[in-house]
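J.: Structure below; questions to follow.
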Amino acid sequence: MMEFSTEKIHRDTNLSETIFLFSPDGFVGFNAQKQVIQVNPAFVKLTGLEKEAWLGLSEDDFKVRFLQLCCAKDGYVSGTWPTVVEFSYPDSTIQRYTVSKIISPLTSDCIIQFQEITDEHEERKRLKSEFLADAAHALRTPVSAIQGFAELLLNNSFEASVQKEILGIIKEESVKIISLINAFVNSSAEGNAV
């Protein structure tokens, strides 16, 4: 029974090492004394600094060096780990990463994971731009109608029945605008909740 346990631990260790080496996510391992003991190739590629530049650093020194290379995003509070960081590269590309800190309850070792989210961020920006373009278009039509009919009333004399009809159209178009604004506000609130 003991051999089985040793074999399983060996197999699990090999699997963990393989994941660590070949993952597209950057990983940095810290021991219980909060010193860097491992960095994977993806993290080296992300930062552009060799593995040796990181090994042995305290967590605080690691954080200082890391934050000199990137820009913390999304409400970063000094002294904590940012949840999102952004790297700008010489070729003008920008990549965004989430930052997750995982602490082992058994050993107090920890791993910090840097997962690229550039594509998701770009997709959100694209969807936001489309949404704003659609919103502007949807609002332009009733606003143009209100403007046109208001100009008619200001620049011409109409019988009371015609004036009432034009005012009715202006009211209908303003109701459309309010409905559109409410839909946009509700959509925005739902998007922020996700």
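The values are calculated or read from the model by the stated rules, or taken from the named source; none is laboratory data. None of these values were measured; they are calculated from a predicted model. Every residue, glycine among them, receives a Cβ derived from its backbone with ideal geometry; neighbour counts consider all protein chains shown.
J.: Taking only pairs six or more apart or across chains, which ones have beta-carbon atoms under 6 Å, a first residue in segment 160-178 that is assigned by TED's automatic domain parsing to the domain that holds Val143, and a second residue that is of a type in the set (Gly, Ala, Ser)?
T.: Once the first residue is assigned by TED's automatic domain parsing to the domain that holds Val143 and sits in segment 160-178, its partners that are of a type in the set (Gly, Ala, Ser) give Glu173/Ala145.
J.: Residues of segment 33-71 being modelled with pLDDT under 90 and surrounded by fewer than 12 Cβ atoms within 10 Å (Cβ to Cβ), which ones?
T.: Lys45, Gly48, Asp60, Val64, Gln68
J.: Could you say which residue among Ile178, Ile146 is of a type in the set (Val, Ile, Thr), surrounded by 14 or more Cβ atoms within 10 Å (Cβ to Cβ) and either at pLDDT below 85 or over 30 Å from Arg96 (Cβ atoms) (or both)?
T.: Ile146
J.: Testing Val77 on (1) at pLDDT below 75; (2) in contact with a helix residue (DSSP H, G or I) (Cβ under 7 Å, 6 or more places away or on another chain), one condition comes back false. Which one is that?
T.: (2)
A quick yes/no check of all residues on (1) touching a strand residue (DSSP E or B) at 6+ places or on another chain (Cβ under 6 Å); (2) in contact (Cβ under 8 Å) with a residue 12 or more places away in the chain; (3) acidic (Asp, Glu):
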residue: Arg124; (1), (2), (3): no, no, no
residue: Glu130; (1), (2), (3): no, no, yes
residue: Asp134; (1), (2), (3): no, no, yes
residue: His137; (1), (2), (3): no, no, no
residue: Ser144; (1), (2), (3): no, no, no
residue: Phe149; (1), (2), (3): no, yes, no
residue: Leu154; (1), (2), (3): no, no, no
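J.: Going through Glu190, Glu130 one at a time, which residue ends up being within 22 Å of the chain's Cα centre (by Cα), at pLDDT 75 or above and closer than 30 Å to Arg96 by Cα?
T.: On inspection, the qualifying residue turns out to be Glu130.
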